[in-house]
């Protein structure tokens, strides 16, 4: 299982790197789509099947298509060097490096270690005791199926945010129409 | 069970996203890098959802809707700017300044 | 009558107010104004005579008339507006109201044709009010009201014809010089109150002896500061510059203020606070030296002046020097005696000059010539047209020169004798005596020169104007005659022993000066022979000066100012008053002006505080604002970088 | 008279009426027709005068401490109350502002032609603010009135001023505001400290004064905060540059109010708040010498600078800086004579400088210029104005027999004990003040009339005379018979000096020679 994870991980990182480095906007868009596919796969590995599907359908499908559409619409000629001057480069890489140095070590966290830090009782603690929700999710997964286990809390506990997102989307649509149309 | 590595992967992707935003001049590519960063965050959400329960996945769900909305509006703005200045080069879109 | 002494002050005050109203409302009503003006003066002269006679045979030497509490601040400091009527102030009261009255009478004639007639009398009455307050004041602050009040009136009167800039400048100069003197009196008052706890004259004389020891610093300080005030008011060496310029005022004003009354205020103050001065022998020496120096110095300048009033002005400064010399030697009575006699003959000289100027002005006006009515070089031979004025002026000249039978001789000789007597112990007084003697010679010389140039020889003013010359009207010559009589008889007041008298004034002033006399070593007795020698010396000096002056002036040909040869050498220096005015302008006035203009106003105020302080803070705020605006430079990447830096910082703190 | 006042319970309602009347009059003036604004304002001013004058008899000088006291809690939680009262220090200032109000309104009869309603409403607001400052015995109420004053003054200078009025108005407000916001911090700090120690939080002056010793550790900082706020208002030497600008640009009414009352708030503040709260620090050797030296520098510096001013109003502004330097010297002289002298200078400076500004305003109304060089030889054309100006000029340079001398003499002789050298230097101002005043009088009135424009200007009319004559009468009355005024402030001055003596070691306060 972990071997498959690493394959997809490498695939995702490689395509992300290429997405940044391609000078042609179209190719970098396509490479981004490929990272999304890699991520979808990883989601499946992490037993979040519904999210994986959504990732592919909504994110890769809709959003990236929108990007491609806009890139095509503007048919930008390939800018030979799309990079910023070297000064911008140095700052960019530098900051990214520092950020990476801070974030990547988080990878060392295993559930057990996380549990120990979170729980106040001394001594090693069983992660399952500290994070009961994880098992409950697994049970729900089994009981209502992959989609059900997500849908059930979505329409009960998180109903209000759900409605708000619909309003947000409405606003976004109107905004996009107003901004993009030449004359109303 | 894969928590550590997926967090590390999410960190790397996030950092690449940040680098992309800082380096690239093309507005749309910068935009895409932002999308990449969002994906990285989604990954860490999902990874931790294993521990913290389904609320992690719901967060991803919401992140995606927000990302979609943001992409739509962002691209509309870029379109409007492009129509005005025939270029998407971020360096010389700097009217909004002190 | 003594309790009603405030009437003497109230009457001229009412006169001043009434005339003031008339001046503004109906300046034309000349007769009403003159009646009020002179009437109130005669009234107060009557009160003065009444108080004097009552005081003559009053049991007590001094009376305190309380009007009201002026500054009731606390129990340890409460100044009453009270008048002190004692032997000294009664005498001064008589002199002021007497001579003042005569001068009021004279100015009725002199100022008749002047449009500001009512205003003039208002100021003159106001002057008499303040002079009386000064003399009668029971404490230093009350005298200070009079002290500055007379300064105010002299400012108003000198600058009476304010249309001409030089006149108002002269007025301002007089006031400022007086103010410098007043500063000295103020400091003396503070020192006095903080050391003796009282400002009343009686209190000071009583407590001074007990509190201070002879020669200690406090009385010396107080005395010197008081003397600074006196030099300002009585025009002594450092601060005399304003008196010659004060001649810009109408002549009766010069007669009243700058000869008879105001300028003697300094001598009066010294005698009044004699107790303090005697406790500081050094201060007395300073007074004597300054007096003698001024006498000599002013007399020398007087030798070469051509404006008749300027000559008399310098003569006044020199005679004041004599008074201070007299007081400086400790013979206070002789100082006051000379003050009185000087008031008589100097007022006479000034009024005589006034008549001359009046008729010259009248004549030149008719002849349409723009010659200066006061310049002696335009006059000459006026004897024929103005016999009365000539005779009286001659009389006064003999008096001031110190020819025996006249008043001047006795008072001046007494001062010189006192100086000589004191000189036998302290040699410094010998020098003063010598200076005094030479000054007497010079006084006689320039007075003779004055008389010769104006009255003798032939008339230099052109025959056109000669036709209109005439003797001054009776109204003006009457006061002259009275003053002439006083000038002659003045000596009787204090006829010294060798001349058969019993020095009445000296005994009269005993109660005032006895406290001082106790402290000071009495004047050593001069041997008969020495005394006779002194008298002889004084007479020869007087006569030699007179003859010299007459002979020299009548022999040289005097050219009218237009084509007079420029002065040369020593005469030029004398003519330009040793360039003292220019020196003061250079050393004091200009630097103060420069300092306050550039140093203080431009740099400190406008630049330092306004530009740097206020403007500076404004610029700092503006700079900070500009810095903030630099952050929003429109570059999206720059904003994201800022985000990233923020994120890094937060993470650094959290992750650790 | 006192009996009559007691019969109508004068003591209870007088302060509230004095404060409320102008505020109530404001809306009436604003909504009245333009022509009648002046008359309403003048009517209110007269009633204010009639009501206020009663204080002269109602105030009982023998009884020390506060009179006409009222204490209504306003904000329960913080102990802020509507606490007012008058004592020896403030009775003269209240009377002065009450007397000045009708004169100010009447003097701007012709001068103000546009937006009259706004102008008179602002005068009313200004007057309430002024009275409020002097009667408030609650620190919060005091601070509120203190800041309330800035607004009307800002508008008055800003709208009706002359050429660069906005610069002067903003400078005035910012200068005062920067100075006084530290004071607010200090007030709150004090109330907090005292509240915490005694349990009850209250802004009352008496309560804070009682526990003043609790504030000793912070005495230095707190005093500096108060001192900064008041020094700007006084104006003490380095903080005075706003005054000449504010005066030259303000309309007559504005600069009279500014000169007569606003400047006194600073010195009143020192006497009432800054020193009694922190006597050990305020009157210690170092602070005392520093403040006294600043005061004397202010006296001499302002007099010297006044000598070279081309503009008449600016000259008078600098002269008031010099006069107020005397008040500061008097306060720090800390003897009964010097404190009484300081209060007397506050009153007499108000009269003489107020009169001077009125007259310059009248000249400005005729010739619309303040430059001395534009005038010349006016004595022939306007004898009345010339006589009035000369009398006021001599009163302002301290001629004995007029009001200026009384205050200055008492200040100098009172503070001579503690600062002999400083008083010696300060006394030289007698020469400089004579210098600048006579020089300007001569160039305006006593020289040849060359400028044809000056030919036509008319002399004072009846209205203007009615403004000036009472002031001159007051000057002569105070000059010759200041007894009643001195008696009224004696109690408060005595109390102040006792407080000083208790706070200072005996040696610091010399005593004059063997008393009478």
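Exactly one residue among A:69, A:50 is in contact (Cβ under 8 Å) with a residue 60 or more places away in the chain, more than 16 Å from residue B:44 (Cβ to Cβ) and in a helix (DSSP H, G or I), and that residue is A:50.
In segment D:420-436, the qualifying residues are those that are in contact (Cβ under 8 Å) with a residue 12 or more places away in the chain and more than 7 Å from chain C (Cβ to nearest Cβ), and the one that is nearest to residue C:168 (Cα to Cα) is D:436. Among the residues of segment B:2-14, those that are over 11 Å from the mean Cα position of the chain (by Cα), facing chain A (nearest Cβ under 7 Å) and in a helix (DSSP H, G or I) comprise B:3, B:4, B:5, B:6, B:7, B:8, B:9, B:11, B:12. Checked against the criterion of being modelled with pLDDT under 90, more than 17 Å from the chain's Cα centre (by Cα), at the interface with chain A (Cβ under 7 Å from one of its Cβ atoms) and part of a helix (DSSP H, G or I), segment B:18-39 contains not a single residue that satisfies it. For the residues A:149, A:119, A:166, the requirement of being more than 8 Å from chain B (Cβ to nearest Cβ) and within 16 Å of residue B:60 (Cα to Cα) singles out A:166. Output the number of residues of segment C:624-656 satisfying the condition of being over 30 Å from residue B:30 (Cα atoms) and assigned to a helix (DSSP H, G or I). So the answer is 2. Summed over segment D:326-340, the residues that are in a helix (DSSP H, G or I), within 14 Å of chain C (Cβ to nearest Cβ) and over 21 Å from residue D:471 (Cβ atoms) give a count of 8. Can residue B:46 be described as under 20 Å from residue A:90 (Cα atoms) and either part of a helix (DSSP H, G or I) or facing chain A (nearest Cβ under 7 Å) (or both)? No: the conditions fail for residue B:46.
Take residue A:5 and tell me if it is within 9 Å of another protein chain (Cβ to nearest Cβ), crowded, with 16+ Cβ neighbours inside 10 Å and assigned to a helix (DSSP H, G or I). It is true that residue A:5 is within 9 Å of another protein chain (Cβ to nearest Cβ), crowded, with 16+ Cβ neighbours inside 10 Å and assigned to a helix (DSSP H, G or I). The residues of segment A:17-44 that are at the interface with another protein chain (Cβ under 7 Å from one of its Cβ atoms) and over 12 Å from the mean Cα position of the chain (by Cα), listed by number, are A:17, A:19, A:20, A:25, A:28, A:29. Taking the conditions exactly as written (more than 30 Å from residue A:131 (Cα to Cα) and either assigned to a loop (DSSP other than H, G, I, E, B) or more than 9 Å from chain B (Cβ to nearest Cβ) (or both)), does residue A:14 satisfy them or not? When the stated conditions are applied, residue A:14 passes them.
Please enumerate the residues belonging to segment C:437-489 that are within 20 Å of residue C:406 (Cα to Cα) and modelled with pLDDT under 80. None; the set is empty.
The residues of segment C:147-192 that are farther than 27 Å from residue C:275 by Cβ, facing chain D (nearest Cβ under 7 Å) and in a helix (DSSP H, G or I), listed by number, are C:152, C:165, C:168, C:172, C:175, C:176. For residue D:131, are the conditions met, namely being at pLDDT 90 or above, over 19 Å from residue D:16 (Cβ atoms) and either over 20 Å from the mean Cα position of the chain (by Cα) or in a helix (DSSP H, G or I) (or both)? In short, no.
Being crowded, with 22+ Cβ neighbours inside 10 Å, within 19 Å of residue A:165 (Cβ to Cβ), within 7 Å of chain A (Cβ to nearest Cβ) and touching a helix residue (DSSP H, G or I) at 6+ places or on another chain (Cβ under 9 Å): is that true of residue B:71 here? Considered against the rule, which asks whether it is crowded, with 22+ Cβ neighbours inside 10 Å, within 19 Å of residue A:165 (Cβ to Cβ), within 7 Å of chain A (Cβ to nearest Cβ) and touching a helix residue (DSSP H, G or I) at 6+ places or on another chain (Cβ under 9 Å), residue B:71 comes out as yes.
Within the option set C:20, C:43, being in contact with a helix residue (DSSP H, G or I) (Cβ under 8 Å, 6 or more places away or on another chain) and within 14 Å of another protein chain (Cβ to nearest Cβ) holds for one residue only, C:20.
Here residue D:400 fulfils each of the conditions (1) surrounded by fewer than 24 Cβ atoms within 10 Å (Cβ to Cβ); (2) facing chain C (nearest Cβ under 8 Å); (3) under 30 Å from residue D:487 (Cβ atoms) apart from (1). Taking the criterion of being touching a residue at least 40 places away in the same chain (Cβ under 8 Å) and either buried (at least 19 other Cβ atoms within 10 Å of the Cβ) or part of a helix (DSSP H, G or I) (or both), the residues of segment D:1-19 that qualify are D:2, D:5, D:6, D:10, D:11, D:12, D:14, D:15, D:16, D:18, D:19. Looking across segment D:144-183 at every residue that is touching a helix residue (DSSP H, G or I) at 6+ places or on another chain (Cβ under 6 Å) and over 30 Å from residue D:360 (Cβ atoms), the one that is surrounded by the fewest Cβ atoms within 10 Å (Cβ to Cβ) is identified as D:182. In summary, helices (runs of 4 or more DSSP H) completely within segment C:516-623 and bearing 1 or more residues that are crowded, with 16+ Cβ neighbours inside 10 Å and more than 30 Å from the chain's Cα centre (by Cα) occur at C:528-555.
The values are calculated or read from the model by the stated rules, or taken from the named source; none is laboratory data. Only a predicted model underlies this, so the values are computations on that prediction, with no experimental measurement involved. Please note: Cβ atoms are built from the backbone with ideal geometry, for glycine as well, and neighbour counts cover all protein chains shown.
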